[in-house]
Amino acid sequence: MQDPLIIGGVTLSSRLFIGTGKYSRNTLIPEVIARSGSQVITVALRRVDPQSNDNIISHIPEHMTLLPNTSGARTAEEAVRIARLARAAGLGNWVKIEVINDQKYLLPDNMETIRATEILAAEGFVVLPYMSPDLSAALRLKAAGAAAVMPLGAPIGSNRGLKTRELVRILIAEVDLPVIVDAGIGRPSEAAEAMEMGAAAVLLNTAIATARDPLGMAEAFREAVSAGRRAYLAGLGPVEEGASASSPLTGFLG
Amino acid sequence: MSFYDTLARLTQLPFDGLLKQYTSADVRRAVQAEQLDEEALLALLSPAAEPYLEEMAQKAQRLTRSHFGHVMQLFTPMYLADFCVNHCTYCSFSSIYDFPRKKLTIEEVRKEAEIIAATGLRHLLILTGESRKESPAAYVKECAEVLREYFASVSIEVNPLSTAEYKELVQAGVDGLTLYQEVYHQDTYSKLHVKGPKRVYRNRLDAPERGCQAGFRSVNIGALLGMYDWRQEAFMTAVHARYLQDKYPDCEIGLSIPRFRPYLGQFNPESDVTDRALVQIILAYRLFLPRAGISLSTREAPALRDQLVHLGITKMSAGVSTEVGGHTMEGGTPQFEISDNRSVQEITDMLYQKGLQPVFKDWDILV
């Protein structure tokens, strides 16, 4: 099935984006990549240490599209500085904007995210902003030059699933950009549901990294995302509230 | 309004009676609650919670892995100076002890930095004794500027400073502040701090808040466990942390759990904090503050540290010396005796063995 996702000029056949943050050892990362089939991987610049013998980047195969993120940024300015550092460090020109100044729930600050997106998109970055699902903010991010929007399904690390379902549904319907559900997805069935709704992709980390068998879970997500996408393309049948009456009340009208 | 006002309210609580009145049902409710209030925290710290440590541990581990993953941030302290004008009854740096005091020159700071950085560590905590004359903010700033060349993150643990001084350090690239209240119980605080500016309880209590206002990325607080009833001290510490977290949401608030350790003098702590008690404190902190960092120092013995890594701890020190210039020179006086002398490599190996990834760098100074 030819169904590519094109972002920033890059054609992707996998719609599962993964993270690098919570593994018990970096050597798991190449195996997770292989089993998940993912082609895009996000990495926190804060964790990248070129001087280290165990630099996280060295565990990521060449063919992957790197999505450095600005984790740790509390303001647009910090996010911009981190993005520039990432590009200068040779990590490419994709960036996931994360601006968070709420350390209790780690919810993103949409206003600062919009500001950072404006600056970085103008500098030629392919900007993928992580956001709270809000229609006006998503439209402003598009106007600011975002290549996609990444609304959260639930708070980061919570594995709570698609709690923001109705709001994400509105973004998918109204925003003319790929909508990538990021954060909160804990189960393959939830990833499948996001894809069935028409999400362009899902990004997750905790669900795989904290599973008892991360490799098995990576594969489960690969299949779920693929199944959800196929269902979306096939067009889900209408949902009926009750059974269709065999003797309709208006049958006499002929 | 500062935490002092909250503390004034809390100290009115009839702790002895309260702690005894909690039941198993209160503890179970607290363990299951999603958002814990002060009442739930106190239940978790009460004697009634002791049979529920395993349930608390299961939840603490789930929360920690979910929020922080299978990783452990490593850091190490560097002692810059041991001059001190205070007489605190529990510390070797106290002004009453006669030993040759030392303060590192910038060249010596550089040498220490090279040795520490060669171990791979990228997060550093710099410490001084409390002397505005020998180790003023300007000296700390000068050292920090050099240390930034070697480390991705530099934090300080020095005497309480003014907001303006903290701001200057933030601008110089210092990104974290650690400051222990030592003892929250005010009468005990007065007894233990016999002489010197450290006697001013409120100046110390309000300093972490000044740090938040000055823009440090992280502020770490703690009580020196053993100085007063540990249940009350842990309660005050956790409520203090939540106060800061609520008021300064952009600052990462962390907790430390230092237990009293042998030092030069003969002081004996009033409250014995057993290993079980320490575990109960860590678990209560994690359940009450699911996203707060919790640091574990080398005050604890290797065997215990190896077990605690699964119970909520997110940061550990490694390759530690508590002497000024202890990485490059001999003959210094340690601030206190450490229990875990393992090297950075040995701690790294232990963590991997426990299924945890040591993280040497988790932030870059952006100034």
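Read-outs throughout are calculated quantities, based only on the coordinates presented, and are distinct from any laboratory measurement. Here the structure is a predicted model, which is why all the values come from computation and not from measurement. Cβ atoms come from the backbone with ideal geometry, glycine included; neighbour counts cover every protein chain shown.
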Mean other chain Cβ within 10 Å across A:70-81 is 2
What does the average come to when, for each residue of peptide B:220-226, you count the partner chain Cβ atoms lying within 10 Å of its Cβ? 0
Of the DSSP beta bridges with both residues in chain A, give the percent that are antiparallel, rounding to the nearest 5. 15 percent
Based only on other Cβ atoms within 10 Å, what is the fewest-to-most ordering of A:Met64, A:Met197? A:Met64, A:Met197
Going by amide H atoms built from the backbone, whose H comes under 5 Å of the H on B:Val324, apart from near neighbours? B:Thr333
If we restrict to alpha carbons, what Rg and Dmax does the stretch A:120-164 come to, in Å? 12.0, 36
Could you give the size of the charge dipole of the stretch A:204-254 about its Cα centre, using +1 on the Cβ of each K and R and -1 on the Cβ of each D and E, expressed in debye and rounded to the nearest 20? 160 debye
Sequence-distant or interchain residues sharing an amide H contact under 5 Å with A:Val43, placed H: which? A:Leu67, A:Asn69
How big is Rg to Rh over the stretch B:176-311, alpha-carbon atoms, Rh as the Kirkwood inverse-mean-distance radius? 0.95
Note, ³J(HN,Hα) from phi for the stretch A:170-176, Karplus 6.51, -1.76, 1.60, rounded to Hz, x at Gly and Pro: 5, 4, 4, 6, 10, 9, 8
Thinking of chain B as a set of Cα atoms, what percent of all their pairs are more than 25 Å apart? 52 percent
Towards the positive end of the charge dipole of the stretch B:1-152, with charges on Cβ (+1 Lys, Arg; -1 Asp, Glu), say which of B:Cys88, B:Ser24, B:Gln58 has the farthest Cα. B:Gln58
Hydrodynamic radius by Kirkwood, which averages 1/r over all alpha carbon pairs of the stretch A:83-193, in angstrom: 14.1 Å
Compactness of the stretch A:134-240, expressed as Rg and Dmax over alpha-carbon positions, Å: 13.8, 42
Those aspartates and glutamates that a straight Cα-Cα span of less than 14 Å connects to B:Lys315, excepting residues fewer than 8 apart in one chain: B:Glu252, B:Glu300, B:Asp306, B:Asp362
Where the eigenvalues come from the Cα gyration tensor of chain A, what are the semi-axes √(5λ) of the equivalent ellipsoid, largest first, in whole Å? 34, 22, 16
For the stretch A:156-166, in order, what is each residue's ³J(HN,Hα) by Karplus, 6.51 cos²θ - 1.76 cosθ + 1.60 with θ = phi - 60°, in whole Hz (x at glycine and Pro)? 3, x, 8, 6, 8, x, 8, 6, 9, 2, 5
Amide H contacts of B:Lys102 (H built 1.01 Å from N, under 5 Å, at least 5 apart or other chain): B:Asp82, B:Phe83
Treating only Lys and Arg (+1) and Asp and Glu (-1) as charged, each at its beta carbon, one finds that chain B has a dipole about its Cα centre, in Debye to the nearest 20, of 280 debye
Kindly put B:Val200, B:Val140, A:Val10, B:Val27 in sequence by how many other C-beta atoms sit within 10 Å of each C-beta, fewest to most. B:Val200, A:Val10, B:Val27, B:Val140
Rg and Dmax of the stretch A:1-123, Cα atoms only, in Å: 14.9, 43
With both partners inside the protein assembly as shown, how many of the DSSP beta bridges are antiparallel, as a percent to the nearest 5? 10 percent
In debye, nearest 20, what is the charge dipole magnitude of the protein assembly as shown about its Cα centre with +1 on Lys and Arg Cβ and -1 on Asp and Glu Cβ, if you could check? 60 debye
Return the whole-Å distance between the Cα centroid of the stretch A:123-189 and the Cα centroid of the stretch B:159-186. 38 Å
dims of the protein assembly as shown, Cα set, principal axes, largest to smallest, nearest Å -> 104, 57, 44
Check the straight Cα-Cα distances from B:Lys133 and name the lysines below 22 Å, setting aside those fewer than 8 residues away within the same chain. B:Lys102, B:Lys103, B:Lys141, B:Lys167, B:Lys195, B:Lys198
Using the Karplus equation 6.51 cos²θ - 1.76 cosθ + 1.60 (θ = phi - 60°), what ³J(HN,Hα) coupling, rounded to whole Hz, does each residue of the stretch B:241-250 give in order, writing x for Gly and Pro? 4, 5, 4, 5, 4, 5, 7, 10, x, 7
Averaging sequence separations of C-alpha pairs under 8 Å and six or more residues apart, then dividing by the length of the stretch A:100-254, give the relative contact order as a whole percent. 16 percent
I need B:Thr119, B:Thr128, A:Thr113, A:Thr206 ordered by Cβ neighbour count within 10 Å, fewest first. B:Thr119, A:Thr206, B:Thr128, A:Thr113
In Å, descending, principal axis extents of the Cα set of the stretch A:204-252: 61, 21, 14
Looking only at aspartates and glutamates whose Cα falls under 12 Å of B:Lys247's and that sit 8 or more positions away or on another chain, we get A:Asp102, B:Glu209
Which whole number gives the average count of other chain Cβ atoms within 10 Å of the Cβ atoms across peptide A:48-58? 3
Run lengths n ≥ 4 of DSSP H only: what is the helix-derived mean residue ellipticity at 222 nm for the protein assembly as shown, with -39500 (n - 2.57) per run over all residues, to the nearest 500? -11500 deg cm²/dmol
What is the packing order of peptides B:315-327, B:165-177, A:228-240, taking the mean over residues of other C-beta atoms within 10 Å and listing the highest first? B:315-327, B:165-177, A:228-240
